[in-house]
Structures are given as structure tokens and as C-alpha cells.
Amino acid sequence: MADIASPIETAVTTGPLPASSKVHIAGMLHPEIRVPLREIRLEPSANEPNVRVYDTTGPYTDQNVHIDIAKGLARPRDAWVRARNDVEEYQGRQIKPEDNGIFTKSAARTLSPFPSPNMRPLRAKAGQAVSQIAYARRGMITPEMEYVAIRENLGRKEALAEARAKIADGEAFGAEIPEFVTPEFVRSEIARGRAIIPANINHPELEPMAIGRNFLVKIN
């Protein structure tokens, strides 16, 4: 009798990280956004306040979020994208086995297809441009841009004097990093072509971040 392998049970590691916690900051222009930062607890003997750093762990380290990989991640940006009223749904192509990593008979026996929720993909309406640079050049500050501004500051609003001193003490090498990153600064940098926010309309689960000389991430 042929040995037929059972489907692989897939699991991911979730839960909070040690000596730190995930905190969220709401937007002001767009109050619906919640930007994650990681707050690290220092040794009590250091007598120092907690330190906030850039957090890229997504919802997997949020103890208040239940992860079900069979259902996929939550899609918070879906509402942001649709609110701009410049996209439409269309009928995408049929899902192929290779889309689920099934290239061989062996894989077909051991890999279970991802349970599709039958979501229809989005595309720009006729005559519309749905990129962040298009919005920026129209003078529009999107939720993604405010999200980036909050993420870049890492609590800098409470330490403006320190930020000012660090900038004055350093060598900019032509960079123009401000003491405090505002949503307008993010919009301006994108409009000038000096930064990008990778934010595909068909990936509403992603957390916006900026790549650019005047931002924390320099390389994609």
C-alpha cells in the first residue's frame, strides 16, 4: 500500500515578547488608525523611563489579537482604501494550485489549499490613480501618511528638546530630518519623490511604513 502523507499542520508563534509590550497610538487627522510601537521596560535600577522603538512584528505579538491563519489577518486598511471612492472590485482569475505552493504530487498530498474567502480584488476606477504619490501630489494627507508620521516619531513629542539637541549635535550629511515628523512632512517628501509608502490596495492587512533618506527605513 502506498504511503500517503497526512496534510501538514501549520502553526505560527504568537504572543507578547519578553520585557516589552505593544502599545498603540491613535491618529488625530484620522482617529481610526492605531499605530503600534514597542515599549521596552528597562531595569528598575536604571531609573529610566520605558523606551519606545519601531515595531514590525505585526499582530502576532499582540496579546489582544487572536491569530487564525486559516482566515488570514485583519484588513484595517480596507476601509481607508474604499473611503477614497476611487477603486472598484473586479472578477480575478481562478486560483491555481501553485498559488498555494503546490507544485508537485507530494505537495498536493501534504499542503492544504488556503481557504479562500472569495474576496474580489480591487483596481483603480477609470481615470483614477490610487498610489500614495498621486494622493500626495494632490495635496491629500492619507491615513497611511499619518500612520507613518506617528511611527517615525516613536514618542518624540514628549522629548522635543532632546531631539533638537541630538540633531544639532550630529552631522546631517544632506538629510533634512525634522525635530518632529508631521503628516504634512510625510506628504511633502512623497510628493517630491524622496520617499515611498508601499501600500498596495489589495493588501489592506499591511502596516504602512516609509522608505526614504529622511525616514527610519532607508532600504526596501
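Computed from the coordinates by the stated procedures, all read-outs in this text should not be read as laboratory data. Because the structure is predicted, anything quoted here is derived from the model rather than measured. Methodologically, a virtual Cβ is constructed for each residue, glycine included, from the backbone with ideal geometry; neighbour enumeration extends over all protein chains shown.
Worth pointing out:
- Here the peptides 180-188, 25-33 are ranked by packing, the mean other Cβ count within 10 Å, and the order with the highest first is 180-188, 25-33.
- Sorting the segments 74-86, 196-208 by their mean number of nearby beta carbons within 10 angstrom, highest to lowest, gives 196-208, 74-86.
- For the listed residue pairs 71/218; 105/125; 71/96, the alpha carbons are over 29 angstrom apart in 71/218; 105/125.
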